[in-house]
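Presented below is the structure to which this report refers.
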Ligand code: FES
């Protein structure tokens, strides 16, 4: 089933690249981050060409809950302790500025995309300590944040931490309008990037700058992003007949849910788990970073919906796939020291809307040779924290296990269930009828056709006698 955003939005089709061309910058991936980056580059006089393997907005932009917020779960108290106050301030202010920049663009261009300012809340049903600390930390960084013990949710909470003046919108309506301002080639899959030359099925683009904004960087070396991220899936049901909410909400407890209003609907989200880790595996091996282990899925969301909103009706459901970094902050900046003219924006976690805008606002000055001091906290080359080291070891263990399993007999499926990315054994995901890779999160349909990277090709099919 498709998201509520996809159901009512048609984005104009674009031609595929045919032939060779030169440009100031080539941006790979036409989601929000790619389109916004190309837009701002154009404002600085740089011709930016966007290449998209599928259609504009066909990746994760269409699967978001589209909260535009600087409230990224519990983050600011941790950022101050781990990176220091100036860096934490850069993170907070870059994200607050992103909200304002969305509003500015939408008003200036008259984009009808249901943009509305609203408060954003973190809630807990079990404790208040973390929420209070987060409110204080956010306040100290200049965010209008406060703690209180009551809210409008149809459940009892111990407390909520609210950020004022956050926002929500319809991401595809916004993207459709912004994409009109940039040069995009659709159905143009990038096959190879060598130096300043990008090779696609229909032609090449040679550019001074190459920008990777396609959800997951598909190049393994340099950068090694496959070792520095894992992917998570999460689920949304859209409910009719549920009471509208003024604010948008995220639970910080293990079974916490996400709530936001969208027109007459309430979007209820949750059930996040590491991609490729099935229910049985999850229940045996809870994962302290991704907080898997609770056996969540659509059924859990439907059951919670019935409990919270008796009489509500599900009108749509969908899932999202998010790239999670080792320290929980996106990678935005230079791709690698070995390729100073390559740039990347990835690892947005669950915060793709503000992170996409932040990416565009950091990459544009970097590429056009201006200062961007707030980019330090987002740099892929930032310092390695103790938590990041622990997570690196844990993700490595998943990879070792996935690689070891590929030696086991692989059953009678129509495909060889080994991931074409690096060979890990794929897990069958019965909820979404896909083969999912527990190592780095690639996904394939029942026939082995690629759904999500970093893999770039389909699975091998078995020869039938
Ligand atoms: Fe890397 Fe499957 S995604 S081995």
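Hey, among the residues in the stretch 450-465 that are within 14 Å of the ligand (Cβ to nearest atom) and in a strand (DSSP E or B), which one's farthest from residue 215 (Cα to Cα)?
The residue in question is 450.
Residues that are within 24 Å of the chain's Cα centre (by Cα) and in a loop (DSSP other than H, G, I, E, B) were ranked within the stretch 15-31; the one that is nearest to residue 235 (Cα to Cα) is 31.
Looking at the stretch 326-358 only, could you name the residues that are buried (at least 24 other Cβ atoms within 10 Å of the Cβ) and at positive phi? Across the stretch 326-358, the qualifying residue is only 347. Cβ-Cβ distances below 7 Å connect the following pairs, each with a first residue in the stretch 383-403 that is under 21 Å from residue 426 (Cα atoms), a second residue that is at pLDDT below 85, and a separation of six or more residues or different chains: 394/289.
Of all the listed residues (393, 404, 397, 388), the sole one being under 17 Å from residue 79 (Cβ atoms) and either within 16 Å of the ligand (Cβ to nearest atom) or part of a helix (DSSP H, G or I) (or both) is 388.
Looking only at the stretch 217-240, residues that are assigned to a strand (DSSP E or B) and out of contact with any strand residue (DSSP E or B) (no Cβ under 9 Å at 6 or more places or on another chain) come to 0 in all.
A count restricted to the stretch 373-385 and to residues that are surrounded by fewer than 20 Cβ atoms within 10 Å (Cβ to Cβ) and either within 13 Å of the ligand (Cβ to nearest atom) or outside any helix (DSSP H, G or I) (or both) stands at 6. What about residue 315, is it surrounded by fewer than 17 Cβ atoms within 10 Å (Cβ to Cβ), at negative phi and modelled with pLDDT under 95? So residue 315 does not fit the description; no.
One residue is enough: does the stretch 15-22 have a residue meeting the conditions within 23 Å of residue 113 (Cα to Cα), in contact with a strand residue (DSSP E or B) (Cβ under 8 Å, 6 or more places away or on another chain) and surrounded by 17 or more Cβ atoms within 10 Å (Cβ to Cβ)? Among the residues of the stretch 15-22, not one is within 23 Å of residue 113 (Cα to Cα), in contact with a strand residue (DSSP E or B) (Cβ under 8 Å, 6 or more places away or on another chain) and surrounded by 17 or more Cβ atoms within 10 Å (Cβ to Cβ), which makes the answer no. Taken together, the residues in the stretch 124-134 that are closer than 19 Å to residue 153 by Cα and buried (at least 23 other Cβ atoms within 10 Å of the Cβ) amount to 1. Residues of the stretch 416-431 that are touching a strand residue (DSSP E or B) at 6+ places or on another chain (Cβ under 9 Å) and within 27 Å of residue 219 (Cβ to Cβ): 416, 417, 418, 419, 420, 424, 425, 426, 427, 429. Scanning for something out of contact with any helix residue (DSSP H, G or I) (no Cβ under 8 Å at 6 or more places or on another chain), surrounded by fewer than 22 Cβ atoms within 10 Å (Cβ to Cβ) and modelled with pLDDT of 95 or more, does the stretch 220-242 turn up at least one residue? Yes, because at least one residue in the stretch 220-242 is out of contact with any helix residue (DSSP H, G or I) (no Cβ under 8 Å at 6 or more places or on another chain), surrounded by fewer than 22 Cβ atoms within 10 Å (Cβ to Cβ) and modelled with pLDDT of 95 or more.
Filtering the stretch 57-99 to residues that are surrounded by fewer than 24 Cβ atoms within 10 Å (Cβ to Cβ), more than 19 Å from residue 174 (Cα to Cα) and touching a strand residue (DSSP E or B) at 6+ places or on another chain (Cβ under 8 Å) leaves 73, 74. Residue 361 passes every criterion in (1) surrounded by 20 or more Cβ atoms within 10 Å (Cβ to Cβ); (2) within 16 Å of the ligand (Cβ to nearest atom) apart from (2). Restricting the stretch 407-449 to residues that are under 23 Å from the mean Cα position of the chain (by Cα), free of Cβ contacts under 8 Å to residues at least 24 places away in the same chain and assigned to a strand (DSSP E or B), the residue that is farthest from the ligand (Cβ to nearest atom) is 445.
The values are calculated or read from the model by the stated rules, or taken from the named source; none is laboratory data. For clarity, every value in this text was computed on a predicted model and none was experimentally measured. All Cβ positions, even for glycine, are placed from backbone atoms using ideal geometry, and neighbour counts span all protein chains on display.
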